[in-house]
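Below is one structure, written out as structure tokens; the observations come after it.
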């Protein structure tokens, strides 16, 4: 069972590693940019999968941490701090703190309430971003300087940035895989499939869920820090409900509670978007019904084609 | 700030609150009886505003525009229910959220294709344009006052339908046990479509009344939808009474916050502090309120279903 999966992973990673020289050779460097963006957003999707897929927490507000990570880089830049490790630390720390606050209130509820509350809190942060006149308000702000990592890696080099994103994406996939298969992850999955029994054998789900919520927020904060470096521009729209919906769709389309699902989903969704954008300016009028159809008819996601989701 | 100003802002708050209530009532009924999370409820609000705008330009009559707008929203709402949402009743909330998210993208883009992305402003007939003197020294727009009156009338009508009629009895029964109602020989599918259409008309009404006050633009539905979620979380799911109280609280708190937080902070701390923190805090106020309510009453203020 394990071998074909490992083979698929090796082939995919090899393809991603080979992509930059290949597209440069073909004279299409645009694809380095596109795939880098996809990989950064895949980190966000992988982090959401931890709480949505394995934890059963339908968070409709995951874009909040993307925004916080991005604003952390932007705001530190305004005050002259360009050290990349500092950027990452603040992005991850701030996202974790906000996730702790939002999670502490929302995880007390479940079902529809949880969906609406996470959405509402993210909308609050979105409005906060809009009213921060000092940092661009509605129009957003240009990044003063990219995160700097001494001589280690130069983000101004598109290929180096590409490989950094690839490594971090694989790291995120690996980390979530390890978390899910640890004792902690077993409790988390148990609480999803049967809360009553989980309590009966002596585990209160709340702290486990909250911890997972914070970990997911922190990981997504890192994705936000990368995304700011990718676009060089930070807008409140990063925290909009559409962005949250997009990240959620990446997870569902790929297949929830599967290791590779969120990555597959991110690639699929963004490639489809890219193709539709090439056809018409009004691509969303096609994408919307496609998404409705995929929910109604394509229930197990892309990963379901390759193997059965394991939770 | 004078007390007249405070009174006027209070009325504005009630007006926003009743608009939110029209949305929340439909959403909470659909949620209660069909157990369906419908994000596209905001799209119906937008559809109502656009259809009324187009129909009143086409017919040259505001009243005809309103009637056509409501009828159009009803038809589109029922169409959406039959085509897309019916397949989702038995699914979990996640699937419902995702599918209706797809519907939002579709409707927003469709409206942008038909009418463009720029904001439109609805024209009002002469008799709704003026101001009325409530008492000496205070003049209040006739239009906002009529929105309040219509909102209150609909609230009374809803109370009557839900608590005093056979239809209302079925709605309440459907909310507490769908299978049982079906077993008693009621066509629950038809009931669902009727309730959904009813909710769609209320959303369309809210949208067409909001049109002349706020701007009509693609995406207008989602801005209010998220506020409506706050209303429902505060009021309690499935409760029309909770929706009314929650809507009035959110409407008044939001309006007063936007009007007075800046000068108040300015006076208490410093003008620059008010300038910087006032608008930010004002736009976050209802969400903070929601957090407080949740911390104290996780199931909302009126958790009763039905």
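Observations on the model:
- The set of residues from the range B:159-179 being exposed (fewer than 12 other Cβ atoms within 10 Å of the Cβ) and either modelled with pLDDT of 85 or more or under 20 Å from the mean Cα position of the chain (by Cα) (or both) comprises B:160, B:164, B:165, B:166.
- Checking the range B:32-39 against the condition returns a match, with at least one residue being assigned to a helix (DSSP H, G or I) and surrounded by fewer than 24 Cβ atoms within 10 Å (Cβ to Cβ).
- Every residue from the range A:66-109 that is within 14 Å of chain B (Cβ to nearest Cβ) and closer than 23 Å to residue A:207 by Cα: A:98, A:100, A:101, A:102, A:103, A:104, A:105, A:106, A:107, A:108, A:109
- The selection criterion, being at the interface with another protein chain (Cβ under 9 Å from one of its Cβ atoms) and surrounded by fewer than 17 Cβ atoms within 10 Å (Cβ to Cβ), holds for residue B:288.
- Criterion violated by residue A:251 - all others in (1) within 12 Å of chain B (Cβ to nearest Cβ); (2) free of Cβ contacts under 8 Å to residues at least 24 places away in the same chain satisfied: (2)
- The residue that is surrounded by the fewest Cβ atoms within 10 Å (Cβ to Cβ), counting only those in the range A:110-149 that are over 17 Å from residue A:240 (Cα atoms) and more than 14 Å from every other protein chain (Cβ to nearest Cβ), is A:142.
- Residue check, residue A:152 at pLDDT below 90 and more than 14 Å from chain B (Cβ to nearest Cβ): yes
- With respect to the stated conditions, residue B:63 fails to be in a helix (DSSP H, G or I), within 24 Å of residue A:249 (Cα to Cα) and more than 13 Å from chain A (Cβ to nearest Cβ).
- Qualifying residue in the range A:233-244 (condition: under 15 Å from residue A:49 (Cβ atoms), in contact with a helix residue (DSSP H, G or I) (Cβ under 9 Å, 6 or more places away or on another chain) and either surrounded by fewer than 22 Cβ atoms within 10 Å (Cβ to Cβ) or in contact (Cβ under 8 Å) with a residue 40 or more places away in the chain (or both)): yes
- Against the numbered list (1) at pLDDT 90 or above; (2) more than 14 Å from chain A (Cβ to nearest Cβ); (3) surrounded by fewer than 21 Cβ atoms within 10 Å (Cβ to Cβ), residue B:247 comes up short only at (3).
- Test: residue B:150 is in a helix (DSSP H, G or I), touching a residue at least 12 places away in the same chain (Cβ under 8 Å) and under 30 Å from residue B:124 (Cα atoms): yes
- Filtered residue count, the range A:107-118, keeping only those that are at pLDDT below 90 and outside any loop (DSSP other than H, G, I, E, B): 7
- Test: residue in the range A:284-295 that is within 20 Å of the chain's Cα centre (by Cα), at negative phi, away from every other protein chain (no Cβ under 12 Å) and touching a residue at least 24 places away in the same chain (Cβ under 8 Å): no
- Residue within the range B:66-74 that is part of a helix (DSSP H, G or I), within 14 Å of chain A (Cβ to nearest Cβ) and over 21 Å from residue B:143 (Cβ atoms) present: no
- Filtering B:107, B:101 for residues that are part of a helix (DSSP H, G or I), within 20 Å of the chain's Cα centre (by Cα) and over 29 Å from residue B:147 (Cα atoms) leaves a single hit, B:101.
- The residues listed here are A:225, A:216, A:211; of these, the one that is without any contact (Cβ under 8 Å) to a residue 40 or more places away in the chain, within 30 Å of residue A:124 (Cβ to Cβ) and in a helix (DSSP H, G or I) is A:211.
- Just one residue in the set B:297, B:258 is more than 9 Å from every other protein chain (Cβ to nearest Cβ) and out of contact with any helix residue (DSSP H, G or I) (no Cβ under 6 Å at 6 or more places or on another chain); that residue is B:297.
- Condition check for residue A:276: in contact with a helix residue (DSSP H, G or I) (Cβ under 8 Å, 6 or more places away or on another chain) and within 14 Å of another protein chain (Cβ to nearest Cβ): yes
- Filter result for residue A:246 (under 26 Å from residue A:168 (Cβ atoms) and modelled with pLDDT under 85): no
- Qualifying residue in the range B:206-218 (condition: under 22 Å from residue A:122 (Cα atoms) and touching a helix residue (DSSP H, G or I) at 6+ places or on another chain (Cβ under 6 Å)): yes
- Residue match in the range B:134-144 (condition: over 18 Å from the mean Cα position of the chain (by Cα), in a helix (DSSP H, G or I) and more than 14 Å from every other protein chain (Cβ to nearest Cβ)): yes
- Selection within the range B:94-128 - surrounded by fewer than 18 Cβ atoms within 10 Å (Cβ to Cβ) and within 14 Å of chain A (Cβ to nearest Cβ): B:95, B:113, B:114, B:115, B:116, B:117
The values are calculated or read from the model by the stated rules, or taken from the named source; none is laboratory data. Keep in mind that what you see is a predicted model, and the values were worked out from it rather than measured. Backbone-built Cβ (ideal geometry, glycine too); neighbour counts: all protein chains shown.
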